[in-house]
Amino acid sequence: MPRIDLSWTWEFNSPLHCGSGISRPGRADRLVQRDKKGSPLIPGDAVKGALRMSAEQVAAWLGCPQDYPTDPAEPKCEPIAVLFGGSGKARFTPALWVNPGPDHRPPFQTVASTAINPETGVARNETLRMVEVIAPGARFEASCS
């Protein structure tokens with residue numbers, strides 16, 4: 001079977017939260033995933049999911065909509081199934097932060113948010129939380145094969 005290797009650089013225009021599932025008291029309720037050096041990373045399955053969502057939108061525009069009445073959601077279009085299906089052979093690597101220089105610190109920000117009552121449009125009591133995000137302008141290199 002032929003092999004294709006793709007690599008690209010993403011630059012984010014808005015904050016991104018790709019959670020670690022870990023909280024740090026006094027800092028943020030939810031922290032961004034990091035590599036062993038403490039730099040932000042986007043796991044390979046999140047890279048795959050972002051690309052799959054876009055590919056399925058293109059497939060729908062081309063007349064091959066994806067309708068998933070059962071679980072797991074197996075793609076119907078052959079090119080999408082090869083890349084993103086359970087029997088697909090594509091491998092997605094984690095997207096790694098492109099550090100612009102030795103003195104540059106990772107691009108983390110903390111964002112405050114709260115739950116809104118959908119009926120009243122008012123913030124719910126005691127729901128304020130702090131979430132760590134990757135700041136806009138951050139660049140990540142990713143690849144798949």
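Observations, loosely collected:
- Note on the chain: GNM, Cα springs under 10 Å; of 45, 35, 67, the largest mean-square fluctuation is that of 67.
- Along the axis of the charge dipole computed for the chain (Cβ charges of +1 for Lys and Arg, -1 for Asp and Glu, origin at the Cα centre), the listed residues 57, 136, 97 are led at the positive end by 97.
- Each label point was placed 7 Å from the Cα along the Cα-to-Cβ direction; for residue 45 and residue 58 their separation is 2.5 nm.
- Pair residue 114, residue 5: separation of 7 Å Cα→Cβ label points (nm): 5.1
- For the chain, the share of accessible area belonging to carbon and sulfur comes to 54 percent (1.4 Å probe, ligands and nucleic acids excluded).
- Measuring nothing but how far apart in sequence close Cα pairs (under 8 Å, 6+ apart) lie, relative to its length, the chain scores a relative contact order of 38 percent.
- Extension gain, residue 105 back to residue 37 (0.36 nm per residue minus Cα-Cα distance, nm): 23.3 nm
- The packing ranking, built from the mean of other Cβ atoms within 10 Å per residue, places the peptides 125-133, 110-118 in the order 125-133, 110-118, highest first.
- With Cα atoms, 0 to 90° folded angle of helix 44-61 axis to the chain main axis: 60
- With the largest listed first and rounded to whole Å, the semi-axes of the equivalent ellipsoid of the chain from the Cα gyration tensor are 31, 24, 13.
- Accessible area expressed per residue, the chain, with surrounding protein chains retained (probe 1.4 Å, Å²): 69
- Springs join every pair of Cα atoms under 10 Å in this Gaussian network model of the chain, and among 76, 89, 37 the largest mean-square fluctuation is at 37.
- Isolated cysteines in the chain, defined as those with no second cysteine Cβ under 4.7 Å, comprise 18, 144.
- Listed residues 135, 123, 81, most fluctuating in the chain (Gaussian network, C-alpha, under 10 Å): 123
The values are calculated or read from the model by the stated rules, or taken from the named source; none is laboratory data. What you see is a predicted model; the values in this text were computed from it and never measured. Counting neighbours? That spans all protein chains shown, and the Cβs are built from the backbone with ideal geometry, glycine included. Accessible surface areas use protein heavy atoms only, side chains included; no ligands, DNA or RNA. Shrake-Rupley method; radii C 1.70, N 1.55, O 1.52, S 1.80 Å.
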